[in-house]
Amino acid sequence: MQQIQLTENIYYVGVNDRRSERFENHMDLPNGVSYNSYLIVDEQVALIDPVEAGFIEEYLLKVKSVLQGRKVDYLVINHDEPDHSSSIAAVIREWPEVQVVGNAKTFPPLEAFYGPIENKKVVAEGETLCLGSHTLQFFMMPMVHWPESMLTYEQSSKIVFSNDAFGGFGALNGGIFDDQVNIAFYEDDMRRYYANIVGKVAMQALKAIEKLSALEIKMIAPSHGLVWRSNLAWVIGKYTQWSKQEPEEGIVIVYGSLHGNTGVMADIVARGAAEAGIKEVKVYDVAKTEVSFIMSDIWKYKGVIIGACAHYGSMFPDMTLLVHEINEFKPKDKCYALFGGMSWSGGGVKTLAKYAEEGKWNLVAESVEVKGAPIREEDWDKLYNLGKAVAEAIH
Ligand code: FEO
């Protein structure tokens, strides 16, 4: 088997998942996802983060093909979430003397998931673990993505094993390193991963970036997506921009429509925004596009316009998940406006407004609620002007 090397004695032993339809069972995976793992072969052997348990056979084959009969001495658990840790029992079965390395917060949840772990090594902030010519150093990264999350820095190679931080969706299609692929192909999936997994803890992500700035780094090796070695400034810059919530000029228009009328309104709104000079206008039907994609663009752009038709005095049901996610993840400083159809009951726009108040965004236009279908010129004008108003607010 051909080995994938980060350096002479550090190997990529991750796997691709193109068969799961959804990540965490709620985010679509059209391009798959990778579970990255790394193997350091020295006087002592260390595995950095295992993989999702469904891929254990392929994983063990890769690890064993590098080790050629040697055993694993340390298994570093940077993060407890099962997309990485669920193969821990299989790894321990394979190498029963392996010491599982984590911090004080790692083990209670890990043992709650998988039962007692006998050989534990608890490490603290800044502590080191010498493997021979390689030395691991551990830094806590709480809430990126769970309370126990940490990163592991290998001092001689200056590689950061960052787990979820700097990770992204998208299986690795042959190219493992950033300079082996067209990065643009992965950027949207990386932002979607950020917006839906890390974005909620943007401040903690910034702290993790700050921590990294004190280290000399030659490579960032996350547990999902590309290994970064040639475009470090680019990826750190993107992560910083997303964490500081510095949006780009553009507008997301998302609507929920029972019979298409609120969809027609969305097109009129979009026309107003485009004619006011906004080149990036994205229109989504919330019943068709899975919410993580919409959240990703809401994170990206400054303008957000939401439309919902009425449904039994409330709003189009599928919109509820999106507004819940917005209020959970709290993307900041958006210019927004609302619209929708009244049907026979009204209530869609009113319900949206109630949710929107919690978000503390900047309402830049009066809401437009249309009786029946948008067949009157005065309604067209109001909708067109709503799009224009948001465009002018973000220019
Ligand atoms: Fe990739 Fe939070 O697990």
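Can you work out the FRET efficiency for the pair Ser156 and Leu321, with r the C-beta to C-beta distance and R0 = 41 Å, to the nearest 0.05? Could the numbers behind the result be given before it?
On the way: r = 47 Å, r/R0 = 1.14.
Efficiency at R0 = 41 Å is approximately 0.30.
Quantify how much of the Cα-Cα distance distribution of the range 231-311 extends past 19 Å, in percent. The partial results should precede the final answer.
On the way: 1431 of 3240 pairs.
For the range 231-311, the fraction of Cα-Cα distances above 19 Å is 44 percent.
Spelling out what I want: for every residue of the range 365-377, take phi, set θ = phi - 60°, compute 6.51 cos²θ - 1.76 cosθ + 1.60 (Karplus), and round to whole Hz; glycine and proline get x.
Each residue's phi maps through the Karplus curve to give 8, 5, 5, 10, 10, 9, 6, x, 9, x, 10, 9, 4 Hz.
For the range 4-244, what does the relative contact order come out to in percent, with C-alpha contacts under 8 Å and a separation of six or more? Could the numbers behind the result be given before it?
Details: 484 pairs, mean separation 41.7, N = 241.
Answer for the range 4-244 is 17 percent.
Give, as a single signed number, the net charge of other residues whose beta carbon lies under 12 Å from the beta carbon of Val286, with Lys and Arg counted +1 and Asp and Glu -1.
Overall, the nearby charge balance is -3.
Rank-order 83-90, 44-51 by packing density, defined as the average count of other C-beta atoms within 10 Å over each peptide's residues, highest first. Before the final figure, lay out each step's value.
Details: 83-90: 20.8, 44-51: 24.6.
My ranking of the peptides, most packed first, is 44-51, 83-90.
If I model a spin label as a point 7 Å beyond the Cα along the Cα-Cβ vector, how far apart are those points for Asp333 and Asp267 in nm?
3.5
How large is the direction-averaged shadow of the alpha-carbon convex hull of the chain, in nm²? The partial results should precede the final answer.
Working: hull surface 79.5 nm².
Averaging across all directions leaves 19.9 nm² for the Cα convex hull.
For Asn78, what residues show an amide H to amide H distance below 5 Å, using hydrogens built from the backbone and excluding near sequence neighbours?
For Asn78, whose amide H was placed from the backbone, the distant partners under 5 Å are Asp49.
Across bins of 10 angstrom width beginning at 0, how are the C-alpha pair distances of the range 252-394 distributed, in whole percent?
P(r) for the range 252-394, in whole percents per bin: 14, 49, 35, 3.
We did not get these values from a lab; they are worked out from the coordinates using the rules stated. A quick note: this is a predicted structure, and the numbers were derived from the prediction, not measured. Positions of Cβ are backbone-derived with ideal geometry, glycine not excepted, and every protein chain shown enters the neighbour counts.
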